Amino acid sequence: MCGIIGFVGNKKAAPILLNGLERLEYRGYDSAGIAVIKNGEFEIEKTVERISALKEATQNGEAVKGEIGIGHTRWATHGVPSEKNAHPHLGFKGRFAIVHNGIIENYFELKSELEAEGIAFASETDTEVIAHLLEKYYSGDVFGAISKTVSLLKGSYALGILCSEQPETLYAARNFSPLIIGLGEQENFIASDVTALVSHTKNVLYTKDGEIAVITKNKVDLFSLKGEKISREPTFISWNVDAAEKGGFDHFMMKEIKEQPDVIVKTFEPRIKNKEVFFEGLKLSDEKLKSINRIIITGCGSAYHTGVVAKYVFEELLKIPVEVDLASEFRYRNPVIDKNTLVMVISQSGETADTLAALKEAKSRGAYILGIVNVVGSSIAKEADDVIYTWAGPEIAVATTKAYSAQLIVLYLFGIYAAEKRKSASANLLNILLDEIRSLPPKIESVFKMEDTIKSLAKRHFKMGSVFFIGRNIDYGTAMEGSLKLKEISYINSEAYAAGELKHGTISLIEKGKIVIALSAFEPLRDKMMSNIKEVKARGAFVIATDIKGNSETHKEADEVLYIPKTHPLLLASVEIVPLQLFAYYVALYNKCDIDKPRNLAKSVTVE
Ligand code: F6R
């Protein structure tokens, strides 16, 4: 996730900016840069290596003169990681330098307009349009240029802005991306995250959406876009640096679980326009999409589980055969593939060795490859014919949560997009699904309110020797993911079964006290699940079920029920996984496991 730092004061800015960027390294980044004003001119330093490389190149920043500056760590979204795409970006007359977090959804239109006016772009980023718009609207009044520019932007931004003609003032603006102002003695700061500030000051102002800040070393003024002055009391931050990195949570995993509503919005919002799905830069032509007669989805671990869910969604919406295979198996099969097969390759890191090999195998057999990837410019993104990015930001906990959720959203959107093009589902159903996708974030927020209930459930059962997750249809996919989450971070033996399979062998393992987690929220098959719950209860199992709020039947059969808000059954996995993530987290916590770095596991599995 990108990070911002800005400084104005009586000291050299560059060492403070570089130190702040180092504090933001934990968020993950692929390039970084700073801009400092000295004698009315910008000095800009960038790197596609570590911040330490910038430090080395500038003698820890001491070689860069100037007492006002901005810095940025970039996590690529628009354009590959490179020096030209790294921030800060300059406006076309060189008077503005900016750093930006967020995504400008209408950048393509804005860029086309600016290009038509003869303005040349130096990067592939969405950010650069902002720098050029500031130049375009500047005629001596920086505030006016900022308020005009941001009024044209759609999407999210936290901006740090410098104008070389106003070398004593740092400007900032925000909409749907965090931006904090740090208040010091004869010095002030901006940052995307308190981590970058806590070593300098603990007094901060939290900005709100639609605000512009005008900051000098002695003064901070907040304004609305219309220029009305806003007064706000500072907040005192009691966190230390370690707590600040985790956003005040004890573990990255919990921070990332809680980021899911936000990540889901970031992933769907720019892709839904006028009730239609749109994927920026997708090369797959409508003609090609219509010629596809089979889909194969492949990936590893949780990425594979999103494929299991997507199979049910795609078959419903697209009415063509969908196959899901583990990448490690697929690569050594003799898969029957032709040019009418679409192979969807799912990976958070974009570097998983088995998944990359499966991609190459499918490509060599003539399939069209669509990558669904989180890391821009990763190997899978580069090798695929087409790529749709999940905009989950960097994930630090080894156990995936927010990237899994973002993958599901991209898969739903792709299903809706393809069904619309192929006319394989009713427009009414597709509209309902789009509305339901929009309602997922508040539903997930409401699951967070069950955290205490889930925590006490975990406290009562964290010593369970082993556990079975069961479910049907989409709930089977969620059972697989819930089971993996639990086992990988708590080291408890956990297996997922399609509920109908129990009686074909597994039920012999059910005995008194055995915990069975029965996912029963998929309404079309709830009756079948009730029978499965009865079967295991009759053999002494302790059943924890999930179900939709308002359905009291499950409580008659199960020992405990976790109720989740109702959503369309095809989108159920997005809501139902959340209590399971929380359960896994607390079971691991009570077992004193290393939650963010479980034993024997790595975040990116680049070996076979
Ligand atoms: C589980 C988990 C792994 C990954 C798998 C694939 O929590 O994180 O199962 O899903 O290693 O990784 P990517 O998505 O990077 O290809």
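The values are calculated or read from the model by the stated rules, or taken from the named source; none is laboratory data. From a predicted model like this one, the values you see are computed outputs, not experimental measurements. Here the Cβ positions follow ideal geometry from the backbone for every residue, glycine too, while neighbour counts run over all protein chains shown. In case anyone asks, the SASA skips ligands and DNA or RNA and just uses the protein heavy atoms, side chains included. Shrake-Rupley method; radii C 1.70, N 1.55, O 1.52, S 1.80 Å.
Ligands, DNA and RNA are left out, and with a 1.4 angstrom probe the accessible area of the range 394-504 is 34 Å² per residue.
Relative contact order of the range 27-90, taken over Cα pairs closer than 8 Å and 6 or more residues apart, is 44 percent. Between helix 526-538 and the chain, what is the angle of the helix's C-alpha long axis to the longest principal axis, kept within 0 to 90° and rounded to the nearest 10? So the helix axis and the longest Cα principal axis differ by about 60 degrees.
With a ≥ b ≥ c the root eigenvalues of the C-alpha gyration tensor of the range 246-444, is it rounded (a/c under 1.5), prolate (a/b larger than b/c) or oblate? Judged from the Cα gyration tensor, the range 246-444 comes out oblate (a/c at least 1.5, b/c at or above a/b).
Charge dipole (Cα centre; +1 on Lys/Arg Cβ, -1 on Asp/Glu Cβ; no other charges) of the chain amounts to roughly 1100 debye. Apply the a/c threshold of 1.5 to the C-alpha gyration tensor of the range 1-141 and tell me whether it is rounded, prolate or oblate. Cα axes put the range 1-141 in the oblate bin. Centre-to-centre separation between the Cα atoms of the range 465-494 and those of the range 105-157: 48 Å. Looking at the chain, the DSSP beta bridges with both ends there are about 60 percent antiparallel. Restricting the range 229-317 to GluC sites (Glu not before Pro) that sit in a DSSP loop and have at most 14 other Cβ atoms within 10 Å of their own Cβ leaves GLU280.
Using only Cα atoms, find the angle between the long axis of helix 402-422 and the longest principal axis of the chain, and express it within 0 to 90 degrees, rounded to the nearest 10. On a 0 to 90 degree scale, this one is about 80. Note on ASN274 and LYS423: the extension gain reaches 51.9 nm, defined as 0.36 nm multiplied by sequence separation minus the Cα-Cα distance. Please say if the range 292-371 is rounded, prolate or oblate, where rounded means a/c under 1.5 for a ≥ b ≥ c the square roots of the C-alpha gyration tensor eigenvalues, and otherwise the choice is prolate for a/b larger than b/c and oblate otherwise? Oblate.
In the chain, the longest principal axis of the Cα atoms and the axis of helix 353-364 are about 80 degrees apart. Rolling a 1.4 Å probe over the protein heavy atoms of the range 3-243, with every protein chain left in place, gives an accessible area that is 47 percent carbon and sulfur. Of the listed pairs LYS12/LYS217; LYS246/LYS402; LYS111/LYS148; LYS255/LYS463; LYS319/LYS443; LYS288/LYS423, which have alpha-carbon separations greater than 20 Å here? Violating the 20 Å limit, Cα to Cα: LYS255/LYS463; LYS319/LYS443. For the chain, averaging the sequence separation of C-alpha pairs within contact (under 8 Å, six or more residues apart) and dividing by the residue count gives a relative contact order of 11 percent. When the alpha carbon coordinates of the chain are projected onto the principal axes, the ranges are 80, 54, 45 Å, largest first. Note on SER139 and ILE44: the extension gain reaches 31.8 nm, defined as 0.36 nm multiplied by sequence separation minus the Cα-Cα distance. Surface exposure of the range 530-608, expressed per residue as accessible area with a 1.4 Å probe, stands at 42 Å². The GluC sites (Glu not before Pro) of the range 1-52 that DSSP puts in a loop, and whose beta carbon has at most 14 other beta carbons within 10 Å, are GLU49. Per residue, the range 211-360 exposes 44 Å² of solvent-accessible protein surface, assessed with a 1.4 angstrom probe and all protein chains in place.
Note on the chain: helix-only mean residue ellipticity at 222 nm, from DSSP H runs of 4+ residues weighted -39500 (n - 2.57) and normalised by residue number, equals -11000 deg cm²/dmol. On the basis of the beta-carbon distance and an R0 of 35 Å, SER82 and GLU315 show a calculated FRET efficiency of 0.30. Over the range 444-549, Cα pairs under 8 Å with separation of 6+ residues give a relative contact order of 27 percent.
Here each label is just a point 7 Å from Cα along the line to Cβ, and for LEU282 and LYS592 those points are 5.1 nm apart. In a simple Cβ point-charge model (Lys, Arg +1; Asp, Glu -1; nothing else charged), the range 1-131 has a dipole of about 540 debye relative to its Cα centre. Counting protein heavy atoms only, the range 483-555 has 51 percent of its accessible area on carbon and sulfur, 1.4 angstrom probe. Tally up the carbon and sulfur contribution to the accessible surface of the range 364-421 as a whole percent, 1.4 Å probe, everything protein left in place. Here carbon and sulfur together make up 47 percent of the probe-accessible area.
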